[in-house]
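The values are calculated or read from the model by the stated rules, or taken from the named source; none is laboratory data. In this text, all values refer to a predicted model and were calculated from it rather than measured experimentally. For neighbour counting, all protein chains shown are included, and Cβ atoms are generated from backbone atoms with ideal geometry for every residue, glycine included.
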């Protein structure tokens, strides 16, 4: 029996795809890279995932987990022959425990669907990536996804209390739970953000956050980026961590305004600030933010008058990746983090890189936590364009690292930034990471060639014999 | 002394021997390494000779976990330096032996705070991470593990390894920070961490209430709702307007500041259950002092043995663990997690000879 036949008998013929067009569709994520895989499996339960893992083990092939496919760094792109496990059919919300503000959900549940489902309990799932209407909770777990509201609430890992996952050997394990401080090593914590390299997550215990009783959203205009950035630090210095603090530059404002007509100003930069809480509290905080902004040279402060206007302002922020289609047929963006104090100089350097490679750049990003998302618009059919885009991207990453930043804040390493890991970590650091992976998956069949560069596991590290130590 | 006493102490370690630490258990040798590199060499020597190592920070939580019979005590006194405080970026890099009191004193003038336990200023940050202990503000800000941006470990076999990064948001590589949090040194000695800081809100206030459950229902995301054997308090922070609005909903007068409760000196056990089991946990306690964190599910109890309610707590998916005291002969953890085999495989790749705090974790890992 070959592998597809084996999988068909376990999952049903319609849930195992081998046609070339089907494999083509599942061969890439929302980024630039494409891979090829022999078979795509769509399990509907933990037991079916176990069956897939057992089959993959027997056939000695890789397993590549995939959620909604909205990732940008190649995490779900198959790099080795094997089974691509798409978890979108595991989209049940198994339990909402409003008393404990938790829910057990399948990995295929769409991020926004979860918050919509729990709205009746006055609760939501805090991580809100721009892709939240299509990305899955399992994908959020894999990448430790973020979003604008992670400034105050933290990334996905702070909102995952437990996980059920299947190891490469087909063992089902549950880690974490509703009680705090679970005993032993925090395997939950290391599984989040592991990009499917440690196992396949089949159930997620998420923490739900109370919906705020009230909210104020401010759109603040500036004539220069430095004033906008100084305002960010100024707000936090007042003791306030806004629920979100986003920035858009002039290019982004023009493109988005032309796309959704939200009344966005044509200025050097805007800050989108949001505060949540009791009505009296949000009014006070909004007032402080406005004062700080004016002190730092804000030219205009617009407070959303109602929920409709707030929605429009947020649409402007979240639609940026769609709006870029006006500029060029293809786009690509990097996700890096720099210390907030380095934002101005890094933004200038990023702009210069765009000019050097003659690529249109716009910036829409999480200013509160220094998480940059320079968006490049281009036409891939132009000869040599892909190489230019990749080279420009690498220079951008380099500039951010030189400023003391991190490789990624919320998109993950995938294949895109694997090579950069050696710029950030020593051989011993990478070896330690590879050891963690090895403990979960000794054969290295879980999502191979992702996250860690090849050769990270150094056999010669760690057991040095101290000279003359023996008595 | 245990069976390890037949092991020979290597001359290179003997040459570095220092005075014993006051309050520490008996050991054959006490080391006070001055750097990560020196500690790495010492741990290599301990691994090569199979010497068990007890890591000593502030000595405030040594009662946690199974007893270790140490050949060597490694005291972290020299790891007391503040490496980097980027006030504008809200990050703080400190060595593992820096105390919580020192961190608080450093951050106060900057109107910043680290989300760590409030009432154990002598604890070291390395010890807090190793034990995974959190403070009262976790109800609002999350546990300690959510505020670790970077960690540097010296592994049991003497490698210096770092994970994470020094910006407030990073997902580069596996989360070694969270894996270290609550690891009790089983992966390595925590020699340096980077903490995510928070601005100190303008005003802090406490409102005394009669009914914790009612209070939890009407306030919006307070710092903490704490019930003790003496009183129940809601801890608030923010602008004056925020405090006034919350207090009005609670129907009480805000008193400036946060008088966090402290249990009397002596043994303490901790109940950890889902938040909605907090009330039932209190009901099951013996008539002694306690501090319960509503909305969190942690109840600290001034007693030397709380194993009687362990079966109930474990049935709720929780645990009952020893935090302070010396009640030898009692199981400090209870039923180990079902993932013990996987945990053992991870630990074996960081401390293959199992020299740091051997057996201290649940399941004797």
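Which residues, counting only those in the stretch B:75-89, are surrounded by fewer than 24 Cβ atoms within 10 Å (Cβ to Cβ) and more than 15 Å from residue B:23 (Cβ to Cβ)?
First, the residues of the stretch B:75-89 that are surrounded by fewer than 24 Cβ atoms within 10 Å (Cβ to Cβ): B:75, B:77-78, B:80-89.
The answer is B:78, B:80, B:81, B:82, B:83, B:84, B:85, B:86, B:87, B:88, B:89.
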With respect to residue B:291, determine if the residue is surrounded by 21 or more Cβ atoms within 10 Å (Cβ to Cβ), over 30 Å from residue A:282 (Cα atoms), away from chain A (no Cβ under 12 Å) and modelled with pLDDT of 95 or more.
yes
The stretch A:237-279, residues that are buried (at least 23 other Cβ atoms within 10 Å of the Cβ), within 13 Å of chain B (Cβ to nearest Cβ) and in a helix (DSSP H, G or I)
none
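One residue is enough: does the stretch B:282-291 have a residue meeting the conditions closer than 30 Å to residue A:213 by Cα and not in a strand (DSSP E or B)?
no
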Name the single residue that is surrounded by the fewest Cβ atoms within 10 Å (Cβ to Cβ) among those in the stretch A:155-170 being assigned to a loop (DSSP other than H, G, I, E, B) and in contact with a strand residue (DSSP E or B) (Cβ under 9 Å, 6 or more places away or on another chain).
A:167
Which condition number in (1) in contact with a helix residue (DSSP H, G or I) (Cβ under 9 Å, 6 or more places away or on another chain); (2) under 22 Å from residue B:245 (Cα atoms) is the one that residue A:297 fails?
(2)
Could you tell me how many of the residues in the stretch B:315-342 are touching a strand residue (DSSP E or B) at 6+ places or on another chain (Cβ under 8 Å) and more than 9 Å from chain A (Cβ to nearest Cβ)?
7
Within the stretch B:128-143, identify whether any single residue is more than 14 Å from every other protein chain (Cβ to nearest Cβ), at pLDDT 95 or above and either more than 17 Å from residue B:199 (Cα to Cα) or buried (at least 18 other Cβ atoms within 10 Å of the Cβ) (or both), and answer yes or no.
no
Checking residue A:397 against (1) touching a residue at least 60 places away in the same chain (Cβ under 8 Å); (2) within 14 Å of chain B (Cβ to nearest Cβ); (3) crowded, with 17+ Cβ neighbours inside 10 Å; (4) more than 21 Å from the chain's Cα centre (by Cα), which test does it fail?
(4)
Within the stretch B:341-362, residues being in contact with a helix residue (DSSP H, G or I) (Cβ under 6 Å, 6 or more places away or on another chain) and either surrounded by fewer than 17 Cβ atoms within 10 Å (Cβ to Cβ) or at pLDDT below 95 (or both) number 1
Given the conditions (1) over 25 Å from the mean Cα position of the chain (by Cα); (2) within 14 Å of another protein chain (Cβ to nearest Cβ); (3) at pLDDT 95 or above; (4) surrounded by fewer than 22 Cβ atoms within 10 Å (Cβ to Cβ), report the number of the one that residue B:66 does not fulfil.
(1)
Looking at the stretch B:180-196 only, could you name the residues that are in a strand (DSSP E or B) and either under 14 Å from residue B:161 (Cβ atoms) or facing chain A (nearest Cβ under 10 Å) (or both)?
B:188, B:189, B:190, B:191, B:192, B:193, B:196
Residue check, residue B:86 touching a helix residue (DSSP H, G or I) at 6+ places or on another chain (Cβ under 9 Å) and within 13 Å of chain A (Cβ to nearest Cβ)
yes
Taking the residues in the stretch B:4-27 that are touching a residue at least 40 places away in the same chain (Cβ under 8 Å) and within 14 Å of chain A (Cβ to nearest Cβ) as candidates, determine which candidate is farthest from residue B:353 (Cα to Cα).
B:13
Hits in the stretch A:186-198 - residues which are at the interface with chain B (Cβ under 10 Å from one of its Cβ atoms) and in contact (Cβ under 8 Å) with a residue 12 or more places away in the chain
A:187, A:188, A:189, A:190, A:191, A:192, A:193, A:194, A:195, A:197, A:198
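Go through the residues of the stretch A:305-322 one by one and say whether even a single one is part of a strand (DSSP E or B) and buried (at least 22 other Cβ atoms within 10 Å of the Cβ).
There is no residue in the stretch A:305-322 that is part of a strand (DSSP E or B) and buried (at least 22 other Cβ atoms within 10 Å of the Cβ).
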Within the stretch A:98-113, identify whether any single residue is over 25 Å from residue B:278 (Cα atoms), crowded, with 24+ Cβ neighbours inside 10 Å, within 14 Å of chain B (Cβ to nearest Cβ) and touching a helix residue (DSSP H, G or I) at 6+ places or on another chain (Cβ under 9 Å), and answer yes or no.
no
Residue A:176 versus (1) at positive phi; (2) buried (at least 24 other Cβ atoms within 10 Å of the Cβ): which is the lone unmet condition?
(2)
So which residues in the stretch A:8-39 are over 30 Å from residue A:376 (Cα atoms) and either in contact with a helix residue (DSSP H, G or I) (Cβ under 6 Å, 6 or more places away or on another chain) or in a loop (DSSP other than H, G, I, E, B) (or both), if there are any at all?
A:10, A:11, A:12, A:16, A:18, A:19, A:38, A:39
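Please verify whether residue B:161 is within 7 Å of another protein chain (Cβ to nearest Cβ) and assigned to a loop (DSSP other than H, G, I, E, B), treating the condition exactly as stated. Explain how you work it out, then say what you get.
On the way: within 7 Å of another protein chain (Cβ to nearest Cβ): yes; assigned to a loop (DSSP other than H, G, I, E, B): no.
No; evaluated as a whole, the condition is false for this residue.
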Take residue B:47 and decide whether it is surrounded by fewer than 18 Cβ atoms within 10 Å (Cβ to Cβ) and closer than 18 Å to residue B:154 by Cα.
no
Only one of A:422, A:392, A:428, A:432 that is more than 19 Å from residue B:172 (Cβ to Cβ) and either in a helix (DSSP H, G or I) or free of Cβ contacts under 8 Å to residues at least 40 places away in the same chain (or both):
A:392
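If you scan the stretch A:325-378, which residues turn out to be in a loop (DSSP other than H, G, I, E, B) and more than 14 Å from every other protein chain (Cβ to nearest Cβ)? Spell out the reasoning first.
Step one: of the stretch A:325-378, the residues in a loop (DSSP other than H, G, I, E, B) are A:327-329, A:334-335, A:338-339, A:357-359, A:370, A:373.
Correct list: A:327, A:328, A:329, A:357, A:358, A:359.
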Please specify each residue of the stretch A:225-255 satisfying the condition of being closer than 21 Å to residue B:141 by Cα and without any contact (Cβ under 8 Å) to a residue 60 or more places away in the chain.
A:235, A:237, A:238, A:239, A:240
Note on the stretch A:216-236: residues within 14 Å of chain B (Cβ to nearest Cβ) and assigned to a strand (DSSP E or B) are A:216
Please go through the stretch A:348-376 and give me each residue that is under 21 Å from the mean Cα position of the chain (by Cα), in contact (Cβ under 8 Å) with a residue 60 or more places away in the chain and closer than 16 Å to residue A:250 by Cβ, ordered by number.
A:361, A:362, A:363, A:364, A:365, A:367, A:375
Within the bounds of the stretch B:211-227, is there any residue that is in contact (Cβ under 8 Å) with a residue 24 or more places away in the chain and more than 22 Å from residue A:208 (Cα to Cα)?
yes
